[in-house]
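Step one of this worksheet: look at the structure below.
The values are calculated or read from the model by the stated rules, or taken from the named source; none is laboratory data. These figures come from a predicted structure and were not determined experimentally. Please note: Cβ atoms are built from the backbone with ideal geometry, for glycine as well, and neighbour counts cover all protein chains shown.
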Number of protein chains: 2
Amino acid sequence: MVGIKEVARQAGVSVGTVSNVINRPETVAEETRTRVQSVIARLHYVRSESARQLRAGASRLMALLVLDMGNPFFVAVASGAERAARQAGLVVMVCNSAQSVSEEMDYLSLFAEHRVRGVLVTPADPTGRSLDVLRGQNIPFVLVDRVGGLDDTGCSVSVDDVAGGRLAARHLVAAGHRAVVYVGGPPELPQVRDRRAGVLAALAEAGLPAEALIDVTAERLDVAAGRDAGARLLGLSPRPTAVFCANDLLALGVLQALFAAGVGVPDEIALVGYDDIEFAAAAAVPLTSVRQPAVAMGRLAAEMLMDETGPDAGRHEHRQVVLQPELVVRGSSLRR
Amino acid sequence: MVGIKEVARQAGVSVGTVSNVINRPETVAEETRTRVQSVIARLHYVRSESARQLRAGASRLMALLVLDMGNPFFVAVASGAERAARQAGLVVMVCNSAQSVSEEMDYLSLFAEHRVRGVLVTPADPTGRSLDVLRGQNIPFVLVDRVGGLDDTGCSVSVDDVAGGRLAARHLVAAGHRAVVYVGGPPELPQVRDRRAGVLAALAEAGLPAEALIDVTAERLDVAAGRDAGARLLGLSPRPTAVFCANDLLALGVLQALFAAGVGVPDEIALVGYDDIEFAAAAAVPLTSVRQPAVAMGRLAAEMLMDETGPDAGRHEHRQVVLQPELVVRGSSLRR
DNA sequence: CAGCACGCATGAATCGTTTCATTATTCGCA
DNA sequence: TGCGAATAATGAAACGATTCATGCGTGCTG
């Protein structure tokens, strides 16, 4: 495998000069530079990133660890982060913890071994201890879709999930529903809990008792779990008239279950999702949903990370950005 | 930052021994091993992957470069690949070329610099020259959803797109349609061309002329482009009765456009998509689609790559695996 | 004309591991 | 008792880049 030494030899210069041609071309005389560059091209020389990083210290990798790659919401976050990072010359490596704490720890260790420039993470571990491996290596991270823990608070970008839940529930209550089924996921997830809290708040505002919230808990936050939850909520009596799901995948699953059972949406049951993924608008019945600014979150998170690791990282201040969600009303919640 | 040297010093052993504790624990005495391990834990020592890779030569990274992360089909491919790779102790880094040749080249160069173990790629560049940077570094790659070029043929996993197109068109012809609109994407993409060829074959089988295929070309293969194409095909005269889209995202977009125009599906226009993504079944009208074994493709591709780079890579033989697609009939193509 | 600054190139030291030939120690067995 | 084998640990040489103090020659300035 041809290295910098071979290039130097064939170009008749020292390795230091070749390195300069690559990294600080302006410090090398025109004539030398082109000669070296042509040798590089001729030999198909490709610099070894591991050697570079070992000596220079800094990696060009930024990691993004999401809860569920199957969820278009996270795909949108990833694309926002990727765009911002690439403008700064970084590559984003996107990984999927699939909501498993052990997967998450595996990945974070790997990131630490790679000495990545920084990590954007939507933690699966509610305790936040899995991030210790990053803290130990002084690898900065930004929490995405989750505000910091108690003790130390680094940067984070999130959306006000309580407000989102409230928006959804207010909308349903305003349409005359006196009880709301909340199809949540694993209760360890703060997003799931916060959205539920928003529902409770909205019910209280309307003078309804806490019992007006009926919990149906899905195993995971995906379409299959939603179908399952949908079947279960049809068994409730009295049959609910309003259903709010912790995300759109669940809502689409619920919708399929209701469809299969011949239950009309929105006539018999009004349905609201969360995230406003692209497919929500294209659903069997266009889905009312709480929109999160996913791409912006990804972009912001990446920018904050780069500020923290960039040239003037000294003057970096941790920020906890909280964005506001927005209700998008479509057919699934509109009584005809 | 604590390195192997510091661990060795505090444990009272040589660096070689520490390395052995990490990489070949069975070769070091029980007592020494636990002592070293406890020092590692106490100091939060994390090995430097770049140093490891520089010396040992082999990376633990496998790259996956897809055409469009926004397409659930590729997400499924990624999850199949990831699962297989992780069982072999590799991490997959998923990147998105977004069908841009220059993005693709950037990423492939980066992979080459990182000396990744191998690359799974759905090439955006139809010439295949962008893969030269990998060939130059002897980095093996597996083509996903695309058979090899002309000169050299490495491994590939693909689905018979001609057969898929034929399945879709046969289905429409059997339902009595005498002409079919094909909503394709960028004609450089072999997938787009092959599916079209399948349509032509099915029309020929049925004794229909080639003019029975009407082309509508979308800019990209996503929902927005589909909406656009949908609006355009409504301007055709006579108005078509059957539409086949190069993928489900386009089909969902077309569906939205038809919906917006008040055109009934399947009554006025029958619609067939491709990929059978999860959201096809949940669409406004459940979408008939050609199913591809996406997860299996990802898994197979990763396995083939690992065979090529694994312990007995010497006996590796390149294979071009072609899988068969399957038609899933749903409401969007069933005349009531 | 001495002195200085500047532009360019050099080459050795360094990053943190792995690997391997070598040494030291113990053990079993004739 | 002596010897070969097996077992543990050592320490130095890579791996392939970056970086930096150094040297050399040129042109400018006072």
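A few notes on this one:
- Residue-level check: of (1) crowded, with 23+ Cβ neighbours inside 10 Å; (2) within 14 Å of chain B (Cβ to nearest Cβ), residue A:195 misses just (2).
- Flag if residue A:163 is farther than 22 Å from residue A:222 by Cα and either more than 15 Å from the chain's Cα centre (by Cα) or without any contact (Cβ under 8 Å) to a residue 60 or more places away in the chain (or both): yes
- Residue check, residue B:29 of a type in the set (Gly, Ala, Ser), within 30 Å of residue B:103 (Cβ to Cβ) and within 12 Å of DNA strand C (Cβ to nearest atom): no
- Residue B:2 modelled with pLDDT under 95 and in contact with a Phe, Trp or Tyr (Cβ under 6 Å, 6 or more places away or on another chain): yes
- Flag if residue A:21 is within 16 Å of DNA strand D (Cβ to nearest atom), assigned to a helix (DSSP H, G or I), of a type in the set (A, V, I, L, M, F, W, C) and touching a Lys or Arg at 6+ places or on another chain (Cβ under 8 Å): yes
- Sole exception among (1) within 9 Å of DNA strand D (Cβ to nearest atom); (2) at pLDDT below 95; (3) not polar (S, T, N, Q) for residue B:33, by number: (2)
- Considering (1) within 16 Å of the chain's Cα centre (by Cα); (2) crowded, with 24+ Cβ neighbours inside 10 Å, the lone condition that residue B:111 does not fulfil carries the number (1).
- Residue among B:241, B:217, B:153 that is under 26 Å from residue B:305 (Cα atoms) and either assigned by TED's automatic domain parsing to the domain that holds residue B:123 or touching a strand residue (DSSP E or B) at 6+ places or on another chain (Cβ under 8 Å) (or both): B:153
- When residues of the stretch A:44-68 are limited to those that are assigned to a helix (DSSP H, G or I) and in contact with a helix residue (DSSP H, G or I) (Cβ under 6 Å, 6 or more places away or on another chain), the one nearest to DNA strand C (Cβ to nearest atom): A:54
- Looking across the stretch B:1-24, the residues that are exposed (fewer than 15 other Cβ atoms within 10 Å of the Cβ) and within 12 Å of DNA strand C (Cβ to nearest atom) come down to B:1, B:5, B:9, B:14, B:15, B:16, B:23, B:24.
Yes/no per residue for (1) not in a loop (DSSP other than H, G, I, E, B); (2) not charged (D, E, K, R):
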| residue | (1), (2) |
| --- | --- |
| B:255 | yes, yes |
| B:262 | no, yes |
| B:271 | yes, yes |
| B:279 | yes, yes |
| B:296 | yes, yes |
| B:306 | yes, yes |
| B:321 | yes, yes |
| B:335 | no, no |
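- Any hit, the stretch A:216-226, residues being surrounded by fewer than 21 Cβ atoms within 10 Å (Cβ to Cβ) and without any contact (Cβ under 8 Å) to a residue 12 or more places away in the chain: no
- The single residue among A:313, A:302, A:283 that is of a type outside the set (D, E, K, R) and not assigned by TED's automatic domain parsing to the domain that holds residue A:141 turns out to be A:283.
- Subset of the stretch A:245-264 that is within 14 Å of residue A:280 (Cα to Cα) and among the hydrophobic types (A, V, I, L, M, F, W, C) - its residue that is surrounded by the fewest Cβ atoms within 10 Å (Cβ to Cβ): A:255
- Residue A:38 vs. criteria farther than 30 Å from residue A:273 by Cα, more than 12 Å from DNA strand C (Cβ to nearest atom) and polar (S, T, N, Q): yes
- For residue B:104, the conditions (1) within 14 Å of chain A (Cβ to nearest Cβ); (2) more than 15 Å from the chain's Cα centre (by Cα); (3) modelled with pLDDT of 95 or more all hold with the exception of (2).
- Residues in the stretch A:272-285 that are within 24 Å of the chain's Cα centre (by Cα) and within 14 Å of chain B (Cβ to nearest Cβ): A:273, A:275, A:276, A:277, A:278, A:279, A:280, A:281, A:282, A:283.
- Residue list for the stretch A:69-101, filter: farther than 30 Å from residue A:186 by Cα and not in a strand (DSSP E or B): A:83, A:84, A:85, A:86, A:87, A:88, A:89, A:90
- Residue A:296 vs. criteria surrounded by 24 or more Cβ atoms within 10 Å (Cβ to Cβ), away from chain B (no Cβ under 14 Å) and modelled with pLDDT of 95 or more: no
- Residue list for the stretch B:53-112, restricted to those being among the hydrophobic types (A, V, I, L, M, F, W, C) and within 16 Å of DNA strand D (Cβ to nearest atom): B:54, B:56, B:58, B:110, B:111, B:112
- Cβ pairs under 9 Å, 6+ apart, first in the stretch B:1-25 and within 14 Å of another protein chain (Cβ to nearest Cβ), second within 10 Å of DNA strand D (Cβ to nearest atom) and not in a helix (DSSP H, G or I): B:7/B:13
- In the stretch B:308-319, of all residues being surrounded by 14 or more Cβ atoms within 10 Å (Cβ to Cβ) and not in a loop (DSSP other than H, G, I, E, B), the one that is modelled with the lowest pLDDT corresponds to B:309.
- Among the residues of the stretch B:43-94, the ones that are without any contact (Cβ under 8 Å) to a residue 40 or more places away in the chain, under 30 Å from residue A:294 (Cα atoms) and at the interface with chain A (Cβ under 7 Å from one of its Cβ atoms) come to 5 in all.
- Yes/no for residue A:145 being away from DNA strand C (no atom under 16 Å from the Cβ), without any contact (Cβ under 8 Å) to a residue 60 or more places away in the chain and not assigned by TED's automatic domain parsing to the domain that holds residue A:186: no
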